Structures are given as C-alpha cells and as structure tokens.
1. Taking the condition within 16 Å of the ligand (Cβ to nearest atom), under 19 Å from the mean Cα position of the chain (by Cα) and among the basic types (K, R), does K183 pass?
2. Tell me, which strands (runs of 3 or more DSSP E) wholly within segment 12-107 include 2 or more residues that are charged (D, E, K, R)?
3. Would you point out the residue of segment 131-151, among those that are within 16 Å of the ligand (Cβ to nearest atom), among the small types (G, A, S) and more than 19 Å from the chain's Cα centre (by Cα), that is surrounded by the most Cβ atoms within 10 Å (Cβ to Cβ)?
4. From the residues in segment 229-266 that are of a type in the set (K, R) and within 14 Å of the ligand (Cβ to nearest atom), which one is nearest to I294 (Cα to Cα)?
5. Would you check if there is a residue in segment 54-72 being surrounded by 14 or more Cβ atoms within 10 Å (Cβ to Cβ) and in contact with a Pro (Cβ under 8 Å, 6 or more places away or on another chain)?
6. Please tell me if C226 is without any contact (Cβ under 8 Å) to a residue 60 or more places away in the chain and more than 19 Å from I47 (Cβ to Cβ).
7. State all residues of segment 252-282 that are assigned to a helix (DSSP H, G or I), among the aliphatic types (A, V, I, L, M) and under 21 Å from the mean Cα position of the chain (by Cα); if no residue qualifies, say none.
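No lab work stands behind these numbers, since they all come straight from the coordinates. These numbers come from a predicted model, not from an experiment. Don't worry about glycine lacking a Cβ; one is built from the backbone with ideal geometry, like all the others, and counts go over all protein chains shown.
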Amino acid sequence: MKITEHITNAKGKTLFSFELLPPIKGTGIQGIYNAIDPLMEFNPPFIDVTSLREDYVYKQHPNGLLEKLALRKRPGTVALCAAIMNKYKVDAVPHLICGGFTKEETEYALIDLQFLGIDNVLVLRGDARKSDSAFIPTAGGHCYASELLQQVTNLNNGIYLHEDTVLGDKTDFCVGVAGYPEKHFESPNLDTDFKYLKMKVDMGADFIVTQMFFDVSKYKAFVDKCREHGIHVPIIPGLKPLTTKKQLINLPKIFHLDIPLELSEAVEACADDKQVKEVGIEWMINQCKELIKIGAPVLHFYTMGNPEPTKRIAEAVL
Ligand code: FAD
C-alpha cells in the first residue's frame, strides 16, 4: 500500500516507522531481523531500507602495487525490501539514490521493484563517497534527486529510457523525497533549498521525510513554510535519539544540524554514554509527544540497526 494511503487510513493518528541499513557485505540477514523483531509490536506500516553508493578501497598486490577499487560495502537494498515484505507483511521502502547508479541501472531496479510489488520509493541524490569532498555524479547517472524523481514519474507514465516512442506498462510508485528543516548544507539559504523542494513536489513527490532534528519548533517552522509555499504533501519527521557523547560533535558535522543548548549541556554533564543514552531517550520522548500533539503523520526513526532506544521511546509515547 502507498505511504500516503497508510497516512490517510490512520485518520490523524500518528503512525510509527523506522529505517535500517543493509548489512555489511558478508554479514547475514539475521542481524536485520534482530533489529526489526523488537519493533514490530508498534505496528509499523512501513520500514525503510537505505541505499549506499560505492566507496574507494585500495588493494595491495604481492608486487606492492596498489589497486584502487570501487566497492559497495552494503549492497542488497532491493532484496532486503523483498525479504522484509515477505517475512513481516509490511511495506518496505527502498531508498533510490543517484550516486553509484546509471539511469539504466536505476530503471532495472525500478522494474525489479514493480515485479516485487513494492509500492513506495524514497528518491535521493545520495551522500558523497567518503573519499570525495563533495558529491560527484556517476557517469550516465543523475546529478540531483529531482532528475531521479523525473525518471520515476516517467515510468509511472509508461515512459521508459530509450523506448520513448513506445509507451510501456505504467508503474504506480508513491514517491518520497528528503527535506531539511535546518537547510541542506550545500544550499546558500533556506529559500533556495525550498525552491528545489517545491520543485520536487511539483514534479510529483507524494511525501517528504525530514532530516533528523532535536528541536520540534524547527520541524514546525519547516512544515509552516512548506504550507506557505503551497507544499501540501505529508511531512514525516525523521528522528534519532542521542546515545553517545561523541554524537554532540558528529551529528552536527555529518548532518549539519543544531543540538539545542539544553540538550548539549545535559549530555556534557553525563559521566558516561550509559547516562547519555538515558538523556537522549528522555529528550526524544518529549520531542515525540510534542510531534504527536501537533499532528505529525508518522514518527520515523533512524535506528541504525539498534532498536533498543527506539523501542523504549515507542513504549513511552504510542
Ligand atoms: P537534492 O534534492 O538533489 O538536493 C541536493 C542539494 O542540491 C540541495 O542543496 C538542493 O537545494 C540543491 N538542488 C537540488 N536540485 C537542484 C538543482 N536542480 N539545481 C541546483 N541545485 C539543486 N543518503 C544516501 O546516500 N543513502 C540513503 O539511503 C539516504 N537516505 C536519506 C534519507 C533521508 C530521509 C534524508 C533526509 C537523507 C538521506 N540521505 C541518504 C542523505 C542525502 O542523500 C543527502 O542529504 C544528500 O546530500 C542530498 O540528497 P537530496 O535527495 O536532498 O538531494
């Protein structure tokens, strides 16, 4: 079922969902099931599976020469979605990214998804490779999420690559895109970022999932600004509880967001990460209660494969 239908059917009740990373190559799928099982009691209507592009690694040969290889450490997004749908009877939402994929590979993936009965996709540009300082598009791939979105909407209209004179089977994907309450880090200002977000919605995006945030007023301001700009699709808040002191530095650095002073001071005052986890969970419980009060459609957790904090938050608020 489409995510928009899940939200409509909930009739204003806030739903619960979460996101997982595919396992590192060579690790079995059981670890993923172990991360899902404790959260199934909260009836997620959908589970997201991220997609990660290739990165460069250097392999040393016996003669001493180094070979630069482009490898994907976490393949398997589409297959994992199929496995999750089969085992748990919930919708799985694969993330589709521009980086690392040609347009043809993307089309083949979309055809696989249609055959598997997957109704939703989240389309993204994708992160830069760790070894690159900025996003470098793949030759023959897309530069922006909007271009990838256009490919999906084309397919929804029966327009396939290289077959543009013949209309094929129409797909019917419900498409999500990313939104940034605190601005995407490459955008010169929030208004420019909004211009491109609005463009994605005008091109057919059905829902928005936000970057994580720790201050509900930022989500609320973002939703208000979207509505003012004529963006009326559901806006799903992305959430992640703080669990370690290191994240006070890492999360702002990686995700370009602010951690409120009250939270950062509470974390700094903790003796160890066990205490930080308690502070982070408590903060997120309050955040979720506020989000429910203002009518957020879904509480969507970035679990990173660790279900325990999310489980405790869901127990407290759902
Ligand atoms: P875009 O919408 O393409 O925007 C990128 C930047 O370009 C923005 O600054 C935007 O304002 C600007 N822009 C957009 N269109 C244009 C245009 N036509 N001309 C000029 N500028 C333009 N990364 C992964 O690698 N894998 C994942 O699975 C993944 N999942 C994510 C899930 C969520 C909910 C979120 C919020 C992020 C996720 N990311 C993921 C990270 C995301 O890919 C990065 O934040 C990336 O830098 C931007 O992606 P985007 O889809 O927002 O890009």
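1. It is true that K183 is within 16 Å of the ligand (Cβ to nearest atom), under 19 Å from the mean Cα position of the chain (by Cα) and among the basic types (K, R).
2. Hits in segment 12-107: 55-60, 66-71.
3. Looking at residues that are within 16 Å of the ligand (Cβ to nearest atom), among the small types (G, A, S) and more than 19 Å from the chain's Cα centre (by Cα), I get G141.
4. K240
5. No - not one qualifying residue is present in segment 54-72.
6. Yes.
7. Residues of segment 252-282 assigned to a helix (DSSP H, G or I): 252-255, 261-268, 273-282.
Add one more test, that the residue is among the aliphatic types (A, V, I, L, M), and what stays is 254, 261, 263, 266-267, 276, 279, 281.
I254, I281, listed by residue number.
For every residue, the table says whether it meets (1) within 7 Å of the ligand (Cβ to nearest atom); (2) of a type in the set (V, I, T); (3) in a loop (DSSP other than H, G, I, E, B); (4) surrounded by fewer than 17 Cβ atoms within 10 Å (Cβ to Cβ).
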residue: R129; (1), (2), (3), (4): no, no, yes, no
residue: H162; (1), (2), (3), (4): no, no, yes, yes
residue: P188; (1), (2), (3), (4): no, no, yes, yes
residue: K195; (1), (2), (3), (4): no, no, no, yes
